[in-house]
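Down below is the structure, laid out as structure tokens.
Read the figures in this text as sums done on the coordinates, not as results from a lab. Given the structure is predicted, the values throughout are model-derived calculations rather than measurements. All Cβ positions, even for glycine, are placed from backbone atoms using ideal geometry, and neighbour counts span all protein chains on display.
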């Protein structure tokens, strides 16, 4: 099966970026990769759709844990000025 050709001028873009219509930052690419590995699905327009909580609660526990971790790091690093 032949590979699908990318549009002219967008050869260096990933297919996710082409489907979204914009360049993504490195951190956004990492978050999308983590989301898909935890059970989220990609739509044809490039959007990521998270699973329902009943189907995959691990997805939500991981992202809530990362949010809490960032908040704790923000509070502890903010006091060391």
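Quickly estimate the mean residue ellipticity at 222 nm for the chain, helices only: each DSSP H run with n ≥ 4 gives -39500 (n - 2.57), and the total goes over all residues, rounded to 500.
The per-residue figure over the chain is -15500 deg cm²/dmol.
Return the single residue from 53, 71, 63 with maximal mean-square fluctuation; model: Gaussian network over the chain, springs between Cα atoms under 10 Å.
71
Using the basic label-point model (7 angstrom from Cα toward the beta carbon), what is the residue 1 to residue 75 distance in nanometres?
In this crude spin-label approximation the distance works out to 5.0 nm.
Helix 57-78 versus the longest principal axis of the chain: what is the Cα-based angle in degrees, 0 to 90, to the nearest 10?
Tilt of helix 57-78: around 60 degrees.
Per residue Cα convex hull volume for the range 17-61, in cubic angstrom? It would help to have the intermediate numbers written out before the result.
Values: hull volume 2.8 nm³, N = 45.
Expressed per residue, the convex hull around the Cα atoms of the range 17-61 is 63 Å³.
Pick from 66, 20, 34: which residue has the top mean-square fluctuation in a GNM of the chain where Cα pairs under 10 Å get a spring?
So, out of 66, 20, 34, the one fluctuating most is 66.
Quick check: Cα centre of the range 20-47 to Cα centre of the range 48-76, how many Å?
If you average the Cα positions of each part, the centres end up 16 Å apart.
Hull surface divided by four, with the convex hull built on the Cα atoms of the chain: how many nm²? Present the calculation step by step, with values, prior to reporting the outcome.
Working: hull surface 33.0 nm².
Approximately 8.2 nm², given one-decimal rounding.
Helix 26-37 versus the longest principal axis of the chain: what is the Cα-based angle in degrees, 0 to 90, to the nearest 10?
Tilt relative to the chain: about 90 degrees.
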